[in-house]
Amino acid sequence: MAFNGWRKQVMQSLLTPKLGHDESDLLINHANLTALQLDGRFATHTHALQQQIDVQAGQLQTAPPASDAAPHPNAHAIASNGRRWLEAPLTDTKRCDILAQRVALDPMQKGNMPLTLMCRLASCDITQDTYNRLYQKNKQASLCAVSLKHAAPATWALPIEQALSIVSKALNAHDKQRLNKLVDQGRLCLVAFNTMLGNVCVMSSAGALIQLEHKLHAVDVIALSHEVGHALHMEHRWHQGQYWPADVVTSEAQAINMERQVLSETAHPKAALLKQAQVTFYGPWHWALHQFELGLYALSTITPDQLDYLWHQCTHAFAAPKGGWRHVQHLYTSPFYLVCYPLAAGVT
Ligand SMILES: [Zn+2]
C-alpha cells in the first residue's frame, strides 16, 4: 500500500468532463476539479474540465437553486478573500487583512448576527433560537471550566496500517469493504504534519479522497476516524445520486459519530481520556473559537496585538495554546464553519 499521494490513474480519470446538461454533471465536474486542484499534479491539464463547468453553469443559471438557503450576496468575494490564506507568504499583516476584509464583507446585521452565520444556520436547519440557547448555555458552562485548564491533551498516534485496522474493526461489513477499496485504490494519502490545509476529505467520481497528516510516520487514529466518517457519508450520498454536498452540520455529525464509534469499540487504555478530549474539543474549545470570530466585530482595528488580546479573553477559561489564532485555517477560509462542530456534536 502506498500513501505518498493519491494514485495517479485515479486522479487522471477525473480529468474527463461529464458532458450532460443537468445539474448532476455540473456538480460531479466541480467536485473533480476541486480534487484535482488539491492534488496539484494536474493543474495545467484541467482546462477542458474548467471550460465544461463554465458552459454547464451558464446553462443552469436560470434554474432554481438546489438549496433553500439564500446565498450570501458577497459569497464570491468572501471565498476569494479566504483563498489568500493558502498563498505564501503568510504573514501577520496578511492574516489581519484577511480578517478585516472578512468583517467588512460580512457586517453584523440588525439581529446581532452576520449574514454568513445566519446562512450557515439556515442551510443546516438550525433555528436561531436553538443556536442562541446553546451559545448561552456553553458561555455559562465555560465560567466553571477551570478543570479543563489542567487536562493533558490525550493523543493516540499509530502507524497508518495499525490505525486503519482499528478503524476498520469499528465498521460494518459493507463500510469495511468501502474503506478497503478507498485504500487499495490509492485514495488515502499522508502528508507531513503542519501543512496549511491539514486533514481533508473530498468527493470525486472515483470515490472519496482523504488527505491525512502524519508525524514521524504516525497518524492520529481519531483524525483518521473523522475523515473516514466523512468519506463513507459522501460515498453513500453519491451512490444514492445525491451529488450536492451535505450541509456542514450533518456532514460533521457523521464524522464525529465515527470518532465515537471507534472510541467505543476500542480497548485502548486511554479510551476514557480520549473520549473526554473529544468532548472538550467539540465543546468548550470550539465555542471559544466561535466567540473569537464574533469578537472580531467589536475591534476598532484588527492588529496582531488586538487579536492576541481577544484570543486570550476567549480562550482564558480553556487554556488554549498561545498564538493559537494564527493557525486556525477555518477562521480565514470558511467564516463561521467552526461553530458547526459543536452544533454537530450536539445533534449526534
Ligand atoms: Zn470534519
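The values are calculated or read from the model by the stated rules, or taken from the named source; none is laboratory data. Just so you know, these numbers come straight off a predicted model, no measurement behind them. Backbone-built Cβ (ideal geometry, glycine too); neighbour counts: all protein chains shown. Keep in mind that these areas ignore ligands, DNA and RNA; they rest on the heavy atoms of the full protein, side chains included. Shrake-Rupley method; radii C 1.70, N 1.55, O 1.52, S 1.80 Å.
Observations
- Set of lysines near K110 by C-alpha distance (under 24 Å), chain-local residues within fewer than 8 positions excluded: K137, K139
- Excluding same-chain neighbours fewer than eight residues apart, the lysines reachable from K18 by a Cα-Cα span under 25 Å are K8, K181.
- Computed in the context of the full set of protein chains, the accessible area of the range 8-60 at 1.4 Å probe radius has 55% of its extent on carbon or sulfur.
- Orientation-averaged projected area, Cα convex hull of the chain (nm²): 18.0
- Cβ-based charge dipole, the chain, positive-most Cα from S168, L338, N74: S168
- Net charge dipole, the range 8-60: roughly 280 debye, given to the nearest 20, about the Cα centre with Cβ charges of +1 for Lys and Arg and -1 for Asp and Glu.
- Ranking D175, D129 by solvent-accessible area of protein heavy atoms (1.4 Å probe, all protein chains present), from largest to smallest, gives D129, D175.
- With a Förster radius of 25 Å applied to the beta-carbon distance between H76 and N194, the computed FRET efficiency rounds to 0.25.
- In the chain, helices alone account for a calculated mean residue ellipticity at 222 nm of -17000 deg cm²/dmol, with every DSSP H run of four or more residues adding -39,500 (n - 2.57).
- Under-5 Å amide H pairs with V191, H placed in peptide plane, nonlocal only: L212, E213, H214
- The HN-Hα couplings worked out from phi for the range 200-209 by the Karplus form 6.51 cos²θ - 1.76 cosθ + 1.60 (θ = phi - 60°) are 9, 9, 10, 9, 8, 5, 8, x, 6, 10 Hz, whole numbers, x standing for Gly and Pro.
- Sequence-distant lysines (8 or more away, or on other chains) whose Cα lies within less than 21 Å of K270: K149, K169, K215
- Distant-in-sequence amide H partners of V219 (H built 1.01 Å from N, under 5 Å): L158, I160
- A simple packing score, the average count of other Cβ atoms within 10 Å per residue, orders the peptides 328-337, 101-110 as 328-337, 101-110, with the highest score first.
- Centroid-to-centroid separation of the range 253-329 and the range 156-220 [C-alpha atoms, Å]: 23
- Ordering of 289-297, 90-98 by packing [mean C-beta count within 10 Å, highest first]: 289-297, 90-98
- Annotation: per residue accessible area for the chain equals 51 Å², rounded to a whole number [probe 1.4 Å, protein chains only].
- Under the convention that each Lys and Arg Cβ holds +1 and each Asp and Glu Cβ holds -1, the size of the dipole of the chain around its Cα centre is about 640 debye.
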